Every structure is written in structure tokens, then in C-alpha cells.
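Let me begin by presenting the structure, written as C-alpha cells, before commenting on it.
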Amino acid sequence: MKVLNSNVNNIPVFDNLKATFDFNQWYSSKRAQHRLTCGSLGDALKRILGMGYASITRIDVGDSFVDKQYNEPLILRFNGKEYRVFIQVNKARQEINSEIQGPYEWKFGNNSCIEVEIALPLLTGQGDYYYSDLEDKLRNYYFRF
């Protein structure tokens, strides 16, 4: 999925990505609502970053501490730069961290835009993570939010 927002004046954005993707800081005036919202500390971006990980891990795995990671980044492109943000979950320590790679020069696409891109897993029916109605569930989820 990719979302673009215009930035025709090339206004500097995301001045502190490390703070934006600090999973120890959350804020939203709408935290009690069960839908994707955004707050001043990048809550929506953190939730988007976690969607791939959440998609490949089972709900109700009990005491399993299997170290499954989703190795696709959230990609941010703005102001002629590209950043890749990876999520790292340590279930045993109950910690979520991010790793930010970049900046890389970005000379392709529309430099007058801000792009946020995330790859979500395609589950093929093999392995432990196949649900026959997953496509419908995902479509309904993304439609609502």
C-alpha cells in the first residue's frame, strides 16, 4: 500500500524519525477508539509499521516466544530522501523497537510529494498462518479504517 500527500513547496517533514518511531511514546486524544487514528507522536505510523508483523503472527499463541519477525520495511520518501523503518519485536522481553535505515538519495518518483509505503504479507495457504477468509477480513479492516 502506498499513500501520497502533496508537498509542492518541499516543506521539511519528519524532523525526528527516531522519536516518531519510539514505541515507548504514544499519544492520541482518540486512544479509546478502536480504529486507526493519529496523534502528535506518530501513533498511526507505528500502527502501520506493525501491521505486517501482526499479520504473520498468530493471535492466542499462549506462552510461545518464537522469534518471528516481519522483515519488510515501512518506506518513507520525502524531501529528496528515502528512509526504511523496520519493526523488531522481542516477545520474551515484551519490547517493540524500530530500526531506521537511511537517508538514501531519492531521485525517482514525484519529489513534490510525501510517500508512505508498506508491503503486507501475501498468505498463500501454506504454513500456520493461512485463514480461508483472510482476504475478506483484510478488505473489511482496511475499508473501515
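In segment 66-100, the residue that is farthest from I118 (Cα to Cα) out of those that are over 17 Å from the mean Cα position of the chain (by Cα) and among the aliphatic types (A, V, I, L, M) is A92.
Residues in segment 129-145 that are surrounded by 11 or more Cβ atoms within 10 Å (Cβ to Cβ) and either at pLDDT 80 or above or not in a helix (DSSP H, G or I) (or both): Y129, Y131, F145.
The values are calculated or read from the model by the stated rules, or taken from the named source; none is laboratory data. Nothing here was measured: the structure is a model prediction, and the numbers come from that model. Here Cβ is always computed from backbone atoms with ideal geometry, including for glycine, and neighbour counts include all displayed protein chains.
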